[in-house]
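Taking it in order: structure first as structure tokens, then the write-up.
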Amino acid sequence: MQSNSVNCANESSPILPNRLQKKSNVKHASSGDLVFQTLLKKKGALVGIVIVLSLILLAIFAPLISPYSYTALNAKAVFAPPSWQHLFGCDELGRDILTRLMYGGRYSISIGILSTLVSTLGGILLGSIAGFFGGKVDLILMRILDIFQALPSILFAILIATVLGPGFNMTVLALGISGIPGIVRTMRASILSIRKIDFVEAAVSINCTNSRIIWKYIVPNAITPVLVSISNNVSQAVIQAAGLSYIGLGIQPPSPEWGAMLSAGRNYILNHPHLVLFPGLIIMVFVLAFNLFSDALRDALDPKLKK
Amino acid sequence: MIPVILGVTILIFTLMFFIPGDLAGIVLGPTATEAQKQAYRLANGLNDPYIIQLGRYLSNVFFHLNFGTSYIQGTSVLSDLLERFPRTITIAAGTVVVGFGIGIPIGILAAVKQDKLFDRIALAVSLIGISMPAFWLAILLVLLFSVQLNWLPSQGIGGVQYYILPCLANAAAGIAGNIRLTRSCMLEVIRTDYVTTARAKGISETKVLIRHALPNVMINIVTAMGMLFGAMLGGTIIIENVYSIPGIGAYMVKSINSRDYTAVEGSVVFLAIVFGFVMLVVDLVYAWIDPRIKAQYSEFRRSKANAK
Amino acid sequence: MMNHNSDTSAFLSVRDVVVEYTSGDKILHAVNGVSFDLEKGKTLGLVGETGAGKTSIAKTIIRILPDPPAKVRSGEIYLNGEDILHISESAMRKLRGKIISMIFQDPMTALNPVKRVVDQIAEVISEHCHTSKSDARLRAVEMLKKVGIAEDRSREYPHQFSGGMKQRVVIAMALACNPDLLLADEPTTALDVTIQAQVLEMIKELKTENHTSMILITHDLGIVAENCDYVAVVYAGQIVEYGSLEDVFDHPTHPYTIGLFGSMPDLSTNIERLAAIAGLPPDPTNLPEGCSFHPRCCKATDACKKGAVQMEEISKGHFCRCCNTKSLEG
């Protein structure tokens, strides 16, 4: 084989680095913005975010917006069904349910967020330790994790709540601690798989310092599956908090936490179902919106994670 | 499995050990004198150090099958639990059957008909299913089927009809979770090279799905099924409260509220052991259906036999 | 052997096939008007970079394109005179595995991990040859022996085989029913060089035995030289040069083809840098106007930027898709 006389396509060039760049999965600071933009384009995420933010705002500004005070008893309006004065009706003490739901958002939503914060911090810390150090540390941590996960998480939460007692802080702690094992596993698995990927070896081979490798390469890529776990945890925490309140742990009446309202209203469902209908509905709406958001988040992050 | 169960029991005991409050005071009531309380404490070894109490509890539970005595009723906790166990396990089993029996086929169909109407509806329904608190759904079902339609009883136990609503309510989240899990797993498997190879062999689409895709999907979701069962078991606790079903969940909640901590401890340990057994079965099933793992075992046995 | 008229008498005649993939709101132009013929018993090499559309062409012939994203926009494919692009799915299924077979690139993932190797081969035999299960299994074992896998290994699972052996199983599966056409998509790319030679040798033997036609997709010009009778160079979903092995290797005409040959390092001379073709392949969602190669071609003129470029026959059986072939010749 001999090449023809006219050979103009080739040029002498070093082994082109831009091909490497084209296929690299390394997250730079700007790809966070990319994810954000992708997310905003998805309808599901938008609807979810809007609803979640609206509920949060309603909760925050409850004192300003709510039609009544949440402790205002109105003997004449006991069990009042939904009407224009009381959009969601009144409960067994004549308190306006809509108002109580708005204030209740402060409890329920913040339990969801704060407990997830606890789980996340604990989970990322322990998961990172297990993932980075490997070896014996990893082995011991995994055995301990197996033990913790031998209890279904709601059971674990109930156990801790029993020990700590009811109340806002204790519930946050109980749900937070019971959520740690899940996040540890995700974080650890994520770090282990990242460590194996070639670009880490490549970074090592060009003499990158360890801390640079950790912060610029491993952590940004390891965090992404954890983000999906985190947003799932918030939804689960809100539901579990409601469940705990329902069985007598968690938050108790007269606090207007959504689950506590359900619990208080269950004796009256035969004749006054609206006491139970609306708190459950708002839990569902919040969790649904949040799930929409986390589904969209997972889809937005996923193509970058595909092996 | 045994070390894990041991570990869980130790964990539960340790957590319960730190409950504030004086057990003697709770049991004997507010009218008891300090001397009576002290006598009670001595009789039950409550003044001993943690390690000794731990050892005693472990040996009681595992060697003597003694979970302690419920101070409310004076009965053995174990006998209480065993009496209630069949009801809880019926609900849990029913939930599993409904949750997997409905969830998996729908998930598979949704994946096969991706982005078509069936898929969109399935996704929407499953999203709602995992967003609903199960106990709220339980209440709504009671409102509809018991109060309005009067088809099904709203509480208690008896024949099959008493278990229908609890299982349905508990299974909703399970069905939804299964649909999503199976669908996403199926979508992955459908895109694999070996499924494409099977199609390139001229095999009909149905046979490709059943013979090639399905076995691989099942292998991948078996472990997740175990975790879902755990969530369902936890959910049973709350559902029993809604439907006043005298199972372990109701027993546990009652004990928590009456501060009968021995009973609470016993219930949690019991449930943890049950869950541990289920996970063991799941692991065995997984090893049995995945030929890669089965091959490892048979190679292991063969090499042992050769070594002899 | 290329005809753009309606002479479809060759064993396989591909005519103006256009395939698009939709991804979100973008359209990927994967195959942009591909035509070629293939005679019985001959091997055609499809050469080109990754992403040029070679695999899409093969998958279109056997019609296993993933249907949600991929759509065949137009074209015909005649096999023994029948347009197989437009027959029903059930009719096509009868051809797959029996008349047309395909081998894929990655042996590690091409086999079902939970089925025994012999069963996977027996499946294709019993599907098409209507034999009993035990007969199918016997024939499968025979086929495995032919590709060098001993009988006592036939009941094992894919994970117990090495990459090269897995690929041999794949080949056994593809050739079990003696197909007339074999589509081999980079069958040795994922294998060691020594195993590559073995596998290609084996394919050649089996192919000669049964007078099977083959389309061999590869980006390795060395493999083309050893195995192919005809060569089609693919770029951005089109064939830019087509001819017999000697024609294309001895007289490469299209600037891209010349670039490909030029980038192969010569063992006899010392060079300091590898010679690469400047630029990158075009984005299939946004192909350049006119000739797809013109942004990278140093001989590009204004004429290259306007309008589609047709294939021109520069010598008997040797075609090139370039505006400037006349000026390049000689």
| note | Inside segment C:85-129, the number of residues satisfying the requirement of being in a helix (DSSP H, G or I), surrounded by fewer than 20 Cβ atoms within 10 Å (Cβ to Cβ) and of a type in the set (A, V, I, L, M, F, W, C) is 5
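Restricting attention to segment A:234-254, which residues are away from chain B (no Cβ under 13 Å) and crowded, with 22+ Cβ neighbours inside 10 Å? Spell out how you get there, then give the answer.
So the first thing to find is which residues in segment A:234-254 are away from chain B (no Cβ under 13 Å), and the list is A:251, A:253-254.
Of everything in segment A:234-254, just one residue is away from chain B (no Cβ under 13 Å) and crowded, with 22+ Cβ neighbours inside 10 Å, namely A:ILE251.
Quick one: would you say C:GLY259 is surrounded by fewer than 17 Cβ atoms within 10 Å (Cβ to Cβ) and either part of a helix (DSSP H, G or I) or in contact with a Lys or Arg (Cβ under 8 Å, 6 or more places away or on another chain) (or both)?
No, not satisfied.
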| query | Across segment A:218-253, which residue is farthest from B:ALA231 (Cα to Cα) among those that are outside any helix (DSSP H, G or I) and in contact (Cβ under 8 Å) with a residue 12 or more places away in the chain? | reply | A:GLN252
| field | Residue selected from segment B:79-108 under the condition hydrophobic (A, V, I, L, M, F, W, C), crowded, with 19+ Cβ neighbours inside 10 Å and touching a Phe, Trp or Tyr at 6+ places or on another chain (Cβ under 9 Å), by the criterion farthest from B:TYR40 (Cα to Cα) | value | B:ILE106
| message | Give me the residue from segment B:146-170 that is in contact with a Ser or Thr (Cβ under 8 Å, 6 or more places away or on another chain) and among the hydrophobic types (A, V, I, L, M, F, W, C) and, out of that set, modelled with the highest pLDDT. | response | B:CYS167
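Pick out the one residue from B:GLY249, B:GLY202 that is more than 10 Å from chain A (Cβ to nearest Cβ) and either closer than 23 Å to A:SER178 by Cα or not in a helix (DSSP H, G or I) (or both).
Details: B:GLY249 fails: more than 10 Å from chain A (Cβ to nearest Cβ).
Testing whether each residue is more than 10 Å from chain A (Cβ to nearest Cβ) and either closer than 23 Å to A:SER178 by Cα or not in a helix (DSSP H, G or I) (or both) leaves just B:GLY202.
Sort through C:PRO252, C:PRO265, C:PRO288 and tell me the only one that's free of Cβ contacts under 8 Å to residues at least 60 places away in the same chain, more than 14 Å from chain A (Cβ to nearest Cβ) and under 26 Å from the mean Cα position of the chain (by Cα).
Numbers: C:PRO252 fails: more than 14 Å from chain A (Cβ to nearest Cβ); C:PRO265 fails: more than 14 Å from chain A (Cβ to nearest Cβ).
C:PRO288 is the lone residue from the list that is free of Cβ contacts under 8 Å to residues at least 60 places away in the same chain, more than 14 Å from chain A (Cβ to nearest Cβ) and under 26 Å from the mean Cα position of the chain (by Cα).
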| Failed condition for C:ALA190, given (1) assigned to a helix (DSSP H, G or I); (2) small (Gly, Ala, Ser); (3) surrounded by 15 or more Cβ atoms within 10 Å (Cβ to Cβ) | (1)
| When C:LYS299 is evaluated against the numbered criteria (1) assigned to a loop (DSSP other than H, G, I, E, B); (2) at pLDDT 80 or above; (3) within 12 Å of chain A (Cβ to nearest Cβ), which criterion, by number, is the only one it fails? | (2)
| field | Every pair of residues 6+ apart whose Cβ atoms lie under 9 Å, when the first sits in segment A:266-282 and is of a type in the set (Ser, Thr, Tyr) while the second is in a loop (DSSP other than H, G, I, E, B) | value | A:TYR268/A:PHE79; A:TYR268/A:ASP91; A:TYR268/A:GLU92
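Only one of C:VAL34, C:VAL72, C:VAL19 is within 14 Å of the chain's Cα centre (by Cα) and not in a helix (DSSP H, G or I); which? Full working, then the answer.
Working: C:VAL72 fails: within 14 Å of the chain's Cα centre (by Cα); C:VAL19 fails: within 14 Å of the chain's Cα centre (by Cα).
C:VAL34 is the lone residue from the list that is within 14 Å of the chain's Cα centre (by Cα) and not in a helix (DSSP H, G or I).
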| request: Report whether or not C:ASN178 is more than 30 Å from C:GLY290 (Cα to Cα), touching a strand residue (DSSP E or B) at 6+ places or on another chain (Cβ under 7 Å) and either more than 14 Å from chain B (Cβ to nearest Cβ) or of a type in the set (S, T, N, Q) (or both). | output: no
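Which residues, taken from segment A:143-152, are of a type outside the set (A, V, I, L, M, F, W, C) and within 7 Å of chain B (Cβ to nearest Cβ)?
Here is the first cut: in segment A:143-152, the residues of a type outside the set (A, V, I, L, M, F, W, C) are A:143, A:146, A:149, A:152.
Listed by number, the residues that qualify are A:ASP146, A:PRO152.
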| remark: Inside segment C:199-211, the number of residues satisfying the requirement of being at pLDDT 85 or above, of a type outside the set (A, V, I, L, M) and either within 23 Å of C:GLY48 (Cβ to Cβ) or in contact with a helix residue (DSSP H, G or I) (Cβ under 7 Å, 6 or more places away or on another chain) (or both) is 1
| query | Residue check, B:PRO166 against (1) in contact with an Asp or Glu (Cβ under 8 Å, 6 or more places away or on another chain); (2) away from every other protein chain (no Cβ under 11 Å); (3) surrounded by fewer than 20 Cβ atoms within 10 Å (Cβ to Cβ), all met but one. Which one? | reply | (3)
| request: Output the residues belonging to segment C:37-75 that are of a type in the set (Asp, Glu), touching a Leu at 6+ places or on another chain (Cβ under 9 Å) and surrounded by fewer than 18 Cβ atoms within 10 Å (Cβ to Cβ). | output: C:GLU39, C:GLU49
| note | Taking segment A:255-268 and keeping only residues that are under 16 Å from A:PHE88 (Cβ atoms) and surrounded by fewer than 19 Cβ atoms within 10 Å (Cβ to Cβ), one is left with A:TYR268
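Quick check: is even one residue across segment C:236-244 acidic (Asp, Glu) and under 30 Å from C:SER23 (Cβ atoms)? Outline the logic, then answer.
Of the residues in segment C:236-244, the ones acidic (Asp, Glu) are C:241.
Those left that are additionally under 30 Å from C:SER23 (Cβ atoms): C:241.
The answer is yes, given that some residue of segment C:236-244 is acidic (Asp, Glu) and under 30 Å from C:SER23 (Cβ atoms).
Hey, among A:MET284, A:MET261, which residue is part of a helix (DSSP H, G or I), at the interface with chain B (Cβ under 9 Å from one of its Cβ atoms) and of a type in the set (A, V, I, L, M)? Full working, then the answer.
Numbers: A:MET261 fails: at the interface with chain B (Cβ under 9 Å from one of its Cβ atoms).
Of A:MET284, A:MET261, the one residue that is part of a helix (DSSP H, G or I), at the interface with chain B (Cβ under 9 Å from one of its Cβ atoms) and of a type in the set (A, V, I, L, M) is A:MET284.
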| query | Looking only at segment B:118-177, which residues are within 26 Å of A:PHE293 (Cβ to Cβ), part of a loop (DSSP other than H, G, I, E, B) and in contact (Cβ under 8 Å) with a residue 40 or more places away in the chain? | reply | B:MET132
| remark: For helices (runs of 4 or more DSSP H) lying entirely in segment B:1-71, having 1 or more residues that are more than 14 Å from every other protein chain (Cβ to nearest Cβ) picks out B:23-28, B:34-43, B:50-63
| For the subset of segment B:252-265 comprising residues that are crowded, with 23+ Cβ neighbours inside 10 Å, touching a residue at least 40 places away in the same chain (Cβ under 8 Å) and facing chain A (nearest Cβ under 10 Å), which member is farthest from B:GLN155 (Cα to Cα)? | B:GLU265
| So C:HIS219 clears everything in (1) more than 10 Å from chain A (Cβ to nearest Cβ); (2) under 23 Å from C:VAL193 (Cβ atoms); (3) touching a helix residue (DSSP H, G or I) at 6+ places or on another chain (Cβ under 7 Å) except one condition, right? Which one? | (3)
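Yes or no: segment A:98-116 includes at least one residue that is assigned to a helix (DSSP H, G or I), polar (S, T, N, Q), surrounded by 22 or more Cβ atoms within 10 Å (Cβ to Cβ) and within 14 Å of chain B (Cβ to nearest Cβ). Walk me through how you get there before you give the answer.
Here is the first cut: in segment A:98-116, the residues assigned to a helix (DSSP H, G or I) are A:98-116.
Then drop every residue that is not polar (S, T, N, Q), which leaves A:99, A:108, A:110, A:115-116.
Within this subset, residues satisfying the condition of being surrounded by 22 or more Cβ atoms within 10 Å (Cβ to Cβ) are A:99, A:108, A:115-116.
If we keep only those that are within 14 Å of chain B (Cβ to nearest Cβ) as well, we get A:108.
Yes, segment A:98-116 contains at least one residue that is assigned to a helix (DSSP H, G or I), polar (S, T, N, Q), surrounded by 22 or more Cβ atoms within 10 Å (Cβ to Cβ) and within 14 Å of chain B (Cβ to nearest Cβ).
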| field | Selected residue (only one of A:ILE56, A:ILE60 is within 37 Å of the chain's Cα centre (by Cα), modelled with pLDDT of 75 or more and surrounded by 16 or more Cβ atoms within 10 Å (Cβ to Cβ)) | value | A:ILE56
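The values are calculated or read from the model by the stated rules, or taken from the named source; none is laboratory data. The model shown is predicted, which means the values in this text are computed figures rather than measured ones. Every residue, glycine as well, gets a Cβ built from its backbone with ideal geometry; the counts of neighbours run over all protein chains shown.
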